[in-house]
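The values are calculated or read from the model by the stated rules, or taken from the named source; none is laboratory data. Not measured: the values here are computed from a predicted model. Cβ placement follows ideal geometry from the backbone for every residue including glycine, while neighbour counts extend to all protein chains displayed. The area values use the complete protein model at the heavy-atom level, side chains included, leaving out ligands, DNA and RNA. Shrake-Rupley method; radii C 1.70, N 1.55, O 1.52, S 1.80 Å.
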Amino acid sequence: MTDPIKEYVTTHAEQVPVVSDADVLVIGAGPAGLSAAVSAARNGAKVTLVERYHHLGGMASGGMVLVLDDMVNEGNEVTTTGIVSEFIDRLERQGGAVYPPSEDCLTNWEMWQKWSRWGCIDFRKQGMPQPIVHSVAFDPDAWKRVSLDLVRDADIELRTHSWFSEALVEDNLVTGVIVQTKLGRQAIRAKMVVDASGDLDVASSAGASFITGQFIVTTVFRLMDVDTARAEAFEYENPEEFKKLDRQARRVIGGAWGMWWLKTPLPGVVWCNCPHMPGYDGMSPEHMVEAEFEGRGRMMGLLEFARKNIPGFENAKMLGAAEQMGIRQTRMLQGEYVVTKDDVASRRHFADSVCRGRDYYTPYRALLPKGIDNLIVAGRHYSVESEAQKQSREIPPCMSQGEAAGVAVAKALDANCALRDVDVKAIQKQMRAQGADPGDVPSANALIEDPVDA
Ligand SMILES: Cc1cc2nc3c(=O)[nH]c(=O)nc-3n(C[C@H](O)[C@H](O)[C@H](O)COP(=O)(O)OP(=O)(O)OC[C@H]3O[C@@H](n4cnc5c(N)ncnc54)[C@H](O)[C@@H]3O)c2cc1C
């Protein structure tokens, strides 16, 4: 799809106006970046937060990814807390979050029928019914509002409509960045930089090592005027007929997880986390154009099929596709430590764990590029193998990484030291003080073999 580039032009050197001078500059206001900015600001730093779009939230709002999951270890131990929990509370207060009370977090058919269509299941567990766990169905517009509230409350300088384009590097420091705006190129200087772009834009521009991976991409969408009670009644009262129709629907859309529609906090509005489209490079404009055509075509096909065939969907209408293409994996840092699939699967504990997701632990070193002293990454592009990233990239763990990164940059500023020299125990202690679980104390099912742990 992408022709190899054959010709180049040379641009001239220019003077770029400096529009902001920050202690901490965060690029990307998705789940990881927002958490990093809030955490750094609450720890006393002057923070500038840069985002290319008008809205905050990244995949969680513009990408319309509408269930928070991977928050729970065995025994219903919630491992992503801190800013994640605060965010959920704020969403709930705005009527923008639905989740099972702890007494409903059980493994039985009654709870399955009550909660599975909210997406509140442990979808990684084999066997049916899957356990009902603490997961949260949320509204994307509420996510945008809560993000803005947090930014305003933490007195963060927000610069939207600003597209990061280049890191300014002197020796082993990122001294600032250039962003592209409608007013032309602008410079932002900073003492510490957090790359939360999801695609490692800043770290790769600064010369950090990375790998490029690929996973399915998805233009998710929502349908309105769905009679969800009727659709659920049909599913449970006519299981064989339902299975047949559901198989056909999944063929029409061309790839979906176990459930292709889920309920949302808005009555009659369902979220469709599909289609699965393999083979696209999430950073290539040409590929994204192709994916846009393909995704839109498939979703309209599914709508037509559902209206004609599936009870409850007779009056369904297209509410709209996500503003952003759903990109799961592109560049990933290869930093001071690279998290492996085995680390995630075996629940390997690290003495320098600073945050958690589900049952796994993230070492501080996996947020740090080699050879750059004042840059840290947070989110889906952290230092990880491609297969391990597929298991460790959900929204709450990315937020916990952001919260830890925010603490780390504040500590580095206080100590006037390189990020890799920050006292990890001090980060862990501050995470606990913020109500977050840094993973310093391994849970009973952790694999402990780090010599420092022994
Ligand atoms: C289709 C799909 C379904 C998913 N389903 C789930 C699910 O059910 N539950 C779950 O928890 N997770 C799910 N995920 C995973 C999850 O959404 C992401 O891994 C998570 O949002 C990553 O957060 P992040 O902050 O690292 O990156 P992102 O959410 O990608 O945020 C990055 C932010 O940086 C901004 N940005 C990027 N480049 C620039 C630039 N050059 N200049 C300025 N700003 C920039 C973006 O606009 C964005 O706001 C899903 C992902 C996809 C794609």
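In table form, for the structure just shown:
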quantity	calculated
Hits in the range 133-159 - residues which are in a strand (DSSP E or B) and within 17 Å of residue 66 (Cα to Cα)	136, 137, 138
Failed item in (1) more than 16 Å from the ligand (Cβ to nearest atom); (2) in contact (Cβ under 8 Å) with a residue 40 or more places away in the chain; (3) of a type outside the set (Asp, Glu), with residue 415 passing the rest	(2)
Options 25, 66; residue that is buried (at least 24 other Cβ atoms within 10 Å of the Cβ) and within 9 Å of the ligand (Cβ to nearest atom)	66
Test: residue in the range 157-167 that is of a type in the set (Gly, Ala, Ser), open to solvent by less than 20 Å² (accessible area, probe 1.4 Å) and farther than 28 Å from residue 430 by Cβ	yes
Some residue of the range 287-305 being part of a loop (DSSP other than H, G, I, E, B) and either surrounded by fewer than 16 Cβ atoms within 10 Å (Cβ to Cβ) or away from the ligand (no atom under 13 Å from the Cβ) (or both)	no
Residue within the range 205-217 that is within 11 Å of the ligand (Cβ to nearest atom) and closer than 26 Å to residue 22 by Cβ present	yes
Positions within the range 251-286 being over 29 Å from residue 116 (Cβ atoms) and more than 11 Å from the ligand (Cβ to nearest atom), in sequence order	279, 280, 281, 284, 285, 286
Those residues of the range 160-209 which are part of a loop (DSSP other than H, G, I, E, B) and more than 21 Å from residue 401 (Cα to Cα), in sequence order	160, 161, 162, 171, 172, 182, 183, 207
Count of residues meeting criterion [buried (at least 24 other Cβ atoms within 10 Å of the Cβ) and of a type in the set (Ser, Thr, Tyr)] in the range 49-63	1
All positions within the range 315-345 that are open to solvent by 30 Å² or more (accessible area, probe 1.4 Å), out of contact with any Lys or Arg (no Cβ under 6 Å at 6 or more places or on another chain) and not in a strand (DSSP E or B)	315, 323, 334, 338, 340, 341, 342, 345
Tally of residues being open to solvent by 10 Å² or more (accessible area, probe 1.4 Å) and either within 24 Å of residue 172 (Cα to Cα) or within 13 Å of the ligand (Cβ to nearest atom) (or both) across the range 369-397	10
Which listed residue, of 77, 7, is free of Cβ contacts under 8 Å to residues at least 60 places away in the same chain and open to solvent by 10 Å² or more (accessible area, probe 1.4 Å)	7
Residue match in the range 35-45 (condition: assigned to a strand (DSSP E or B), within 13 Å of the ligand (Cβ to nearest atom), open to solvent by less than 10 Å² (accessible area, probe 1.4 Å) and over 23 Å from residue 325 (Cβ atoms))	no
Residue within the range 164-180 that is over 22 Å from residue 411 (Cα atoms), touching a His at 6+ places or on another chain (Cβ under 6 Å), modelled with pLDDT of 95 or more and not acidic (Asp, Glu) present	no
Residues (in a helix (DSSP H, G or I), surrounded by fewer than 20 Cβ atoms within 10 Å (Cβ to Cβ) and not aliphatic (A, V, I, L, M)) located in the range 421-454	421, 425, 429, 432
Condition broken by residue 222, with the remaining ones in (1) farther than 14 Å from residue 271 by Cβ; (2) surrounded by 14 or more Cβ atoms within 10 Å (Cβ to Cβ) satisfied	(1)
